[in-house]
Each structure stands twice: as C-alpha cells, then as structure tokens.
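Take a look at the structure set out below.
The numbers here are math on the coordinates, done by the rules we state, and not lab data. Computed from a prediction, not measured in an experiment: that's the story for all the values here. Here the Cβ is made from the backbone with ideal geometry for all residues, glycine too, and neighbour counts use every protein chain on show.
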Amino acid sequence: MESSEKSGKSEELIKQLELFRRETDKEKELKERKKDYSRDLGGYGGVFFVKLKDDGEGIFKPKNKEREFLGRRVEPGTYYKRERAAYLVDRFLGFNLVPPTVIREIDGEIGSFQEFIPEAKMWHEIRQKDRDKESLKTEMFKLWIFDFIIWNSDRHESNFLLDKNGKKAYAIDNGLSFTADPLILWKNFDGEPVPIEIQEKIKQFSSPEDKKSILKDLLKELLPEEEVTACFKRIEKIAKLIEKEGLINDDKISFNG
Amino acid sequence: MIKLVLMVKQNLFMKYVEIYKLGNNGNQEIIATCSLANGQVICRGDRDFVQYLEREGIFDYSDSSHKKLFFKDGLKFLEQLKFNFKSGYLNASDIKEE
C-alpha cells in the first residue's frame, strides 16, 4: 500500500480520486433497488418508465430493443453503453448535465437506466424572455461544449430537458455519441467568450492526471479504445483553445481533436 | 383499376402520428397529433409545441445529410417523427391509420 507521503499526493487528493473511482450513492440506488412497476412508453427502440421500490424512478432503455439509425456508424447494441459513458464524462467534468445513468438488468434485459427528471420542461415550454437569461445561456453553452466532447450526433429540442424553473439543463438521450458520425448540435456559441464557470471546470478536469486516467479506464470498459482516445483529444483541444483565446471556434475541433 | 382502388384506399385511411409527453407517474398524454392531408402535414394539440414543430422542423434520420423536414414534406415528415421523439419524455408513435 503506497503511503500518501511516498506518492506525493495529499490526503485530500487521494480521497477525491477514490470518490471518482467509486459509484455515487445515487448510482448505487439506481442499480440496486428493485423494480416496483414499469410502463412501456412505445416509440422507436424500447423506452420504459420504471418506478423503483423504496422511491426513485428512471428511464430504462434495453440493449435488445435498440434499433438502427440509417446513415450512422453507431451500432445498435452499443447505445446503452454510450449513455453511461456520456454520464461518466459529465460527472468527471463536473458539468452536472447528465442525470445519473447506470447499466443494469430489469426483467431479464440489460440496458441503460437513467434517473427520471420530474416536472421536466422542454425548450418550447420556456418563454423567450427566460431563454435569454444569462444563467440559462451558460447552461446551453455548457451543453454545446459537452456535445463536442462526446461528439453527439443527436442533440435537438427533445434530447435535452430543463428543470421546472427553466434554469437548469439536463442532457438526455446520449446514445448516439462518441462515433465519428456528423455532429448535430443544438445552439452554436462559435467565437463567443466561454463563461468563466465553464473555463474553471475544464481547467479542473485537466488536473490531476490521475483523475483523467480513472475516467479513461472506466470509458474503455464501455467504448472502443479509439473512441476513448478521440474523446480525450477533444477535451485537450478545447482546454487549449480556452486557455489561449477564451473562446472556441467550432471549425477548429474535429472528431480527433 | 388496381391503381384506382389503391388511390381510394389511401384517401380513405388517414395516416397520423401521436406525440406523447411523459408525466411524473409514468403516464403519457397526447400533446399533438400530426396527420397527412393532401400531401401536407397538419398538427393539432399543444399550441407552443405545434408552432415549434412548424417553425423549426425535425431532422431527417434517413441519411447523414442533417436535412430538416417541415410540414410541407408530408409523409416523410410523419415517418421521421418517431426518430426525433424517442427520449421517453416526448415519444412519437409509429404511423397509424384510421
């Protein structure tokens, strides 16, 4: 067992890294609580609302019901892992956009299970004057950068939510991410100054190195290695652009960074 | 003759898609119904949602062109609704006929 003195890491840092390595309490709840009931929500691919015993609800998407999207490289049967991978990237970045997402079995089917957001609003339900508020703009800016990082080929009006106050964004439906498919982004903040709050998050992600390597190992369990490598290159590129210019020009970011 | 029968049949059976919004208890309510009339799509339901659909359109997932589809695109628009609304919070049905 390596002592903190020997490794040169502070107790605080070791504790922090340990927390990143472990599942959060919420993830454990989502993974371990038994199903109370579920409702098939219909539509393309399988989507179920699942109520858990002892509180908690989520959206379950079984692997076996995943269906093809024409013209995309991303393969059915991998979406559920990409949902979890997107959540992990978000958690390590501290963006707090993706609701806790785990992989678990429900009724004999394996799939992604994401915490349900009650009273969620869609973009069309937000009044124009509220859309223009600075706090919501920062959320949308964060979503834009996040979608570059996970290389999302499917972000549109119905794939993100807002809380009941219309102030906080949630990135959902992240299954068509991480492959070299053409990006579909929601808003475009090309050339606009990146809010300080987001700059800080990106900076914090870059250090310490150990945090990055924990995420890398976790992602390698979910995605092909080349996709993990490309994702990290994009984060590095974004960090460099922010450090150098305080803004991001979208034509400077490619799938491979 | 067969062509005529098919044409009559197509006009008799109206094609439509329902879009559901998920409530807190897992129940779904229809927020809009989009149907085909004279080759164009007409949506009825939640005013803000329908206006949004009309203004912004939806993505065409049948290829990687990122093309947007609008009401004027008719059947193609109806066919692509289920690929756009599949998150669980907003879901579109397959095309139904009545």
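In peptide A:43-54, how many Cβ atoms from other protein chains are near each Cβ within 10 Å, on average?
Per residue, the number of nearby Cβ atoms from other chains is 4 on average.
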> What does the charge dipole of the protein assembly as shown about its Cα centre add up to, to the nearest 20 debye, if the Cβ of each Lys and Arg holds +1 and the Cβ of each Asp and Glu holds -1?
Replying inline: 520
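Just tell me how shielded A:173-183 is by partners: mean number of partner chain Cβ atoms within 10 Å of each residue's Cβ, no decimals.
1
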>> Amide H of A:Trp151 versus every other amide H placed in the peptide plane: which residues, excluding those fewer than 5 positions away on the same chain, fall under 5 Å?
In response: A:Phe178
>> Taking the alpha-carbon distance from A:Lys53 and a cut-off under 12 Å, which aspartates and glutamates remain once sequence neighbours fewer than 8 residues away in the same chain are dropped?
In response: A:Glu29, A:Glu32, A:Asp36
> Taking Rh as the Kirkwood radius computed over C-alpha pairs, what is the Stokes-Einstein D of segment B:20-98 at 20 °C in a medium of viscosity 1.002 mPa s, expressed in µm² per second?
Replying inline: 165
> Across bins of 5 angstrom width beginning at 0, how are the C-alpha pair distances of segment A:120-257 distributed, in whole percent?
Replying inline: 2, 10, 19, 21, 21, 16, 9, 3, 1
>> With θ taken as phi - 60° and the coefficients 6.51, -1.76 and 1.60, list the Karplus ³J(HN,Hα) couplings across segment A:46-61 in order, rounded to whole Hz; mark glycine and proline as x.
In response: x, 9, 10, 8, 10, 9, 9, 5, 6, 5, x, 9, x, 9, 9, 10
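Could you estimate the translational diffusion coefficient of chain A from the Stokes-Einstein equation, with Rh from the Kirkwood formula over C-alpha pairs, at 37 °C and 0.692 mPa s, in whole µm²/s?
Once the numbers are plugged in, D ends up at 171 µm²/s.
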> Using the count of nearby Cβ atoms within 10 Å as a rough guide to exposure, how do A:Asp173, A:Asp90, A:Asp251, A:Asp210 rank from fewest to most?
Replying inline: A:Asp251, A:Asp210, A:Asp90, A:Asp173
> Pairs of lysine in chain B with Cα under 19 Å and at least 8 positions apart or on different chains: total?
Replying inline: 20
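Arrange A:Phe20, B:Phe77 by Cβ neighbour counts within 10 Å, fewest through most, would you? Display every interim value, and only then the final one.
On the way: A:Phe20 15, B:Phe77 24.
Least to most surrounded, the residues fall as A:Phe20, B:Phe77.
Using a 10 angstrom Cβ neighbour count of at most 15 plus a DSSP loop assignment to flag exposed GluC sites (Glu not before Pro), which longest range of chain A is free of such sites?
Result, exposed sites excluded: A:120-220.
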> For chain A, list the DSSP H helices whose alpha carbon atoms reach 20 Å or more along the long axis and whose average Kyte-Doolittle value is 1.6 or above?
Replying inline: none
